[in-house]
Structure formats: C-alpha cells, structure tokens
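The values are calculated or read from the model by the stated rules, or taken from the named source; none is laboratory data. It should be emphasised that the depicted structure is a prediction, and the values quoted were computed from it without experimental measurement. Here Cβ is always computed from backbone atoms with ideal geometry, including for glycine, and neighbour counts include all displayed protein chains. Just the protein is used for accessible areas: all its heavy atoms, side chains included, with ligands, DNA and RNA removed. Shrake-Rupley method; radii C 1.70, N 1.55, O 1.52, S 1.80 Å.
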Amino acid sequence: MSAALKTVAGGAPPRHFLELMDIEPGALRRMLDLGTRAKRGESLGQPLAGKTVALIFEKPSTRTRVSFEVGIRQLGGQVTTLTKGDTQLGRGETPADTARVLSRYVDAIVLRTDDVRKIRELAEYATVPVINGLTDISHPCQLMADVMTFEEHRGPIAGQVVAWTGDGNNVAQSFIQAAARFNFTLRLATPPELAPPADLVAWARAQGAKVELTNDPSAAVAGARCVVTDTWVSMSDEGEATRNRHNLLAPYQLNARLLSHAAPDAIVMHCLPAHRGEEITDEVMDGPQSVVFDEAENRLHAQKGVLLWALGLA
Ligand code: CP
Ligand code: NVA
C-alpha cells in the first residue's frame, strides 16, 4: 500500500504514539496538561463515545491494561482486549494483515509486544492510530506518567537532574527520549554490558539533551532530584541466562545508601512491577521519598491525554 493511501477518511494520516522522539514537545505537553486536568477531577467529557479501542497484549500487564481499559471507559469509549493466546497474531498472522483488519473495526490500537518490528509494521499498515504499550526498546506511555509524576511533586522537570540506576532497558531508553523532549538532565548508571544503545544516546545529544553515562551509581545519583530504577530482567530478557544479569546489576541496587547521595528532597520512581530486594529495597520503595504508587496512578491520567491526541481530539 502506498503511503498516500494510508490515510483516514479526512485525509490526515493517523497519529501514532510509538516513540517520544517522533512527537513534537508541544504535543507531548498538551497530552500531559490533559492528564493533569483529569487528575484534578476536571471532566474531560465523553469524547470517545461511539469509539472502540483494541488492546493487544503479547506480554503480561497489570497497569497498562487496566489503566487503558478504565481510562477509555471513563472517556465514554468501548474497549476490546486480546492477549497473546487470543489473536491470530500469536499464530503468525502478520502485523500488516492484523492492522488492515482491525482498522476496519476499531478507532485505535494499543499494542504491547516484545519485538519493536511488529508495532512498526502494525503502524505502517493501520489506518487508525497505534499506541505503544511497551516494546523491547521503549515504553513511552510510562514516561508520560513519569514526567507527570515528577512535575506533580517537584514542579517543572526542565533543567532538573534525573538519575537512572540499573539496566539500560526499554524504560531507560524512553527516559533518554524524554530527556530530549522535556529538557531535563539524565544521568544513567549501568554496567558497561547493559548500557543503552549508543545511537540513541547520540540522537538525544544531537537534540541538545544532557544525557550522561557512567558505571558508577553514586556519581549518577549525586544531587539528583529524582532517582529511578527498574527490574533487572525485563519481559524481553526472559529466557536469557539471568544469573549473570543479577551479578552485573547488584551494585546498582536502589537502596538507602545509594539514595543518600541524592538531593535531600529527591523522589524515587519505579515503573513497577518491582522485584523487592533486587533492584530496589523495601526501605526505599516504602520510604517517604517513594512516589511509585502516584506514578502508577498517573498512567491512567496521562494516557487519557495520549488517547485524545492520537484520536485527533487534542
Ligand atoms: N509499568 C507497567 O507498564 O506495568 P504493567 O507491566 O503492569 O503494565
Ligand atoms: N522493563 C520492564 C518494564 C515492565 C513494565 C519490562 O520490559 O519487563
């Protein structure tokens, strides 16, 4: 299909939410403003009345699935959710064919997959917006909630220092994109073997982003206003030998000692699910600096902004 044919009825191409790097900062800010209004209790009305969103999960989910299902319903829409065993995608039907079929039934598609090539193909052939619900290389919906959470607790994120400790995984890679889009300094401490991709870091720096890489978690965390970590074994890593990851990542654990290097009012974030006692200790996760459950709640609010933007309603 030619690019010219891949348009919706009004002629405009669908607004896919695949990567933060693809989206203008002003549009991202509009989405967050909507999310903040929703969180404050302002009604966003029923703009999804008469619309249906398909959620496809090729990997497990608690937060992403429930927050999208609830958020879509609160905005007046309908939702149909498919897990891996439910779809022909799981039996080898191509993402392109899936996209062409679902585009005739629904108004938007959210996909969680462990292979970014699938969501790119889906988006290439869909005539409705495709939203990234996590891939092996990114988790942009998470970052919308994370930026919203930082700003809720500490004000504008621009110019602030955020520290990441642990694996240079999909969430870390979306943090790099967010640093470029929201103008904060990001210091990532990872083992050399698990550093984020050099081309992504180069892209962010070329955008003017301050992205600093180190193998020393204390140096990354020093003076930071926010400290973030994530699981040592992501869903796309399952099946790999994981013992070596645990050995490599043990020095990067977010514990009270490491957090003591941050700014005294630093907040702690984790996208969840957490593996308590591995990447984060109970003391930190349940401590006064932790905002992890606000962060989880904000998935619901921030994604309303994402949905309204993707559907051309914001
Ligand atoms: N943070 C996040 O995406 O959680 P789920 O895997 O539960 O969706
Ligand atoms: N990095 C984690 C995030 C889960 C929400 C994973 O991909 O499993």
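Every residue in segment 190-244 that is acidic (Asp, Glu) and over 20 Å from Leu254 (Cα atoms), please.
Across segment 190-244, the qualifying residues are Asp199, Asp237, Glu238, Glu240.
Return yes when Arg100 is at pLDDT below 95, away from ligand 1 (no atom under 16 Å from the Cβ) and either closer than 30 Å to Ser218 by Cβ or out of contact with any Lys or Arg (no Cβ under 9 Å at 6 or more places or on another chain) (or both) and no when it is not.
No, not satisfied.
Could you please let me know if Thr185 is buried (at least 19 other Cβ atoms within 10 Å of the Cβ) and of a type in the set (Val, Ile, Thr)? Before you say what the answer is, go through the steps one by one.
Details: buried (at least 19 other Cβ atoms within 10 Å of the Cβ): no; of a type in the set (Val, Ile, Thr): yes.
Here the answer is no, as Thr185 does not meet what is asked.
For segment 76-126, which residues satisfy the criterion of being in contact (Cβ under 8 Å) with a residue 60 or more places away in the chain, within 22 Å of Ile137 (Cα to Cα) and more than 16 Å from ligand 2 (Cβ to nearest atom)?
The answer is Ala108, Arg120, Ala123, Glu124, Tyr125, Ala126.
When the residues of segment 166-182 are narrowed to those that are without any contact (Cβ under 8 Å) to a residue 40 or more places away in the chain and more than 16 Å from ligand 1 (Cβ to nearest atom), which ends up nearest to Thr229 (Cα to Cα)?
Selected residue: Gly168.
Within segment 145-168, does at least one residue satisfy the condition of being under 17 Å from Thr64 (Cβ atoms), of a type outside the set (D, E, K, R) and in contact with a Phe, Trp or Tyr (Cβ under 8 Å, 6 or more places away or on another chain)? Break it down stepwise before answering.
Of segment 145-168, the ones under 17 Å from Thr64 (Cβ atoms) are 145-149.
Pick out the ones that are also of a type outside the set (D, E, K, R) and you get 145, 147-149.
Next, from what is left, pick out any that are in contact with a Phe, Trp or Tyr (Cβ under 8 Å, 6 or more places away or on another chain): 147.
Looking through segment 145-168, at least one residue is under 17 Å from Thr64 (Cβ atoms), of a type outside the set (D, E, K, R) and in contact with a Phe, Trp or Tyr (Cβ under 8 Å, 6 or more places away or on another chain).
Regarding Val306, is this residue at pLDDT 95 or above, open to solvent by less than 20 Å² (accessible area, probe 1.4 Å) and closer than 22 Å to Ala224 by Cβ?
no
Search segment 52-66 for residues that are of a type in the set (Asp, Glu) and pair each with any residue that is assigned to a helix (DSSP H, G or I) when their beta-carbon atoms are under 6 Å apart and the residues are at least 6 apart or on different chains.
Once the first residue is of a type in the set (Asp, Glu) and sits in segment 52-66, its partners that are assigned to a helix (DSSP H, G or I) give Glu58/Lys84.
The conditions are (1) within 16 Å of ligand 1 (Cβ to nearest atom); (2) open to solvent by less than 20 Å² (accessible area, probe 1.4 Å), and Val70 fails exactly one of them. Which is it?
Of the numbered conditions (1) within 16 Å of ligand 1 (Cβ to nearest atom); (2) open to solvent by less than 20 Å² (accessible area, probe 1.4 Å), the odd one out for Val70 is (2).
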